[in-house]
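Read the structure below first, then the notes.
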Amino acid sequence: GQNIDQPTEMTATEGAIVQINCTYQTSGFNGLFWYQQHAGEAPTFLSYNVLDGLEEKGRFSSFLSRSKGYSYLLLKELQMKDSASYLCAVRDRGAGKSTFGDGTTLTVKP
Amino acid sequence: DGGITQSPKYLFRKEGQNVTLSCEQNLNHDAMYWYRQDPGQGLRLIYYSQIVNDFQKGDIAEGYSVSREKKESFPLTVTSAQKNPTAFYLCASKGGGPLNSNQPQHFGDGTRLSIL
């Protein structure tokens with residue numbers, strides 16, 4: 001199985017940069033996903049990492065170190081609309097299913 | 001537009017009653033999933049199906065049942081055996097087949113179930 005840890009809450013200021021960490025212990029690894037979920041809504045896909053390194057997509061970047069069981073999501077030029085929960089999910093090898101962390105609730109303040 | 005439709009948006013269950021949550025997708029995805037989300041928590045997997053007429057239990061399957069008779073549809077029944085069903089239920093689908101690991105899941109808008 002998988003065990004995934006994320007900070008419960010974070011607060012940052014509009015225009016700033018924030019890094020949301022995710023650590024995992026896994027019995028099989030086939031990629032790591034980050035999703036954004038606004039309150040009461042469905043999660044939406046942000047990024048995917050399967051190899052070590054940084055993936056950049058506009059204001060959002062995601063990093064993976066498989067040897068350390070560690071990933072982070074980096075949000076730049078924060079906007080008020082970035083206030084949401086950010087979910088880290090690890091896909092199991094061969095099983096076609098993913099395990100989700102409990103999510104990090106980010107609050108962006110003016 | 002392609003997507004996933006969950007209905008109803010809100011559902012109320014009486015004690016001892018079974019209720020069924022609908023999930024339909026027109027994305028031509030093979031895999032479909034049901035998750036439960038409690039306040040302040042992440043998604044926990046109830047059941048998943050990688051192909052029509054086949055499904056597997058997830059981490060919290062007790063008190064729930066599913067069927068996958070059509071590729072487009074994956075209904076979830078919350079039975080009376082589920083003693084604490086109040087939660088936000090999310091359905092998702094994924095394309096690319098089980099060997100294609102880089103495809104994300106696409107989620108419906110969810111059904112919020114409450115006990116009367």
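Computed with a 1.4 Å probe on the full set of protein chains, the accessible area for A:Met80 sits at about 80 Å².
Note on B:35-41: average number of Cβ atoms from other chains within 10 Å of each residue's Cβ is 3. The order of A:Tyr72, B:Tyr35 by accessible area, most exposed first and with a 1.4 Å probe, is A:Tyr72, B:Tyr35.
Label sites at B:Lys14 and A:Phe45, each approximated as a point 7 angstrom past Cα along Cα to Cβ, lie 4.3 nm apart.
What number comes out for accessible area per residue over the range A:1-45 if the probe is 1.4 Å? Units Å², please.
48
Remark: mean inter-chain Cβ contacts per residue of A:32-38 equal 2, using a 10 Å Cβ-Cβ cutoff to other protein chain atoms. Checked against a 31 Å cut-off, the cross-linked pairs B:Lys9/B:Lys70; A:Lys76/B:Lys71; A:Lys68/A:Lys97; A:Lys81/B:Lys70; A:Lys57/B:Lys57; A:Lys81/B:Lys94 give Cα-Cα distances beyond that limit for A:Lys76/B:Lys71; A:Lys81/B:Lys70; A:Lys57/B:Lys57. Largest first, the extents of the alpha carbon coordinates of the protein assembly as shown on the three principal axes equal 50, 39, 35 Å.
Expressed as a whole percent, the accessible surface of chain B that belongs to carbon and sulfur atoms is 46, based on a 1.4 Å probe.
In sequence order, the range B:37-52 has phi-based couplings of 10, 9, x, x, 10, x, 8, 10, 7, 8, 8, 9, 9, 9, 7, 4 Hz under the Karplus curve 6.51 cos²θ - 1.76 cosθ + 1.60, θ = phi - 60°, and Gly or Pro positions carry x.
The values are calculated or read from the model by the stated rules, or taken from the named source; none is laboratory data. Please read these numbers as outputs of a predicted model, since none were measured by experiment. With ideal geometry, Cβ positions are generated from the backbone for all residues, glycine too; neighbour counts draw on all protein chains shown. To get the accessible areas, we keep the full protein, side chains included, count just its heavy atoms, and leave off ligands, DNA and RNA. Shrake-Rupley method; radii C 1.70, N 1.55, O 1.52, S 1.80 Å.
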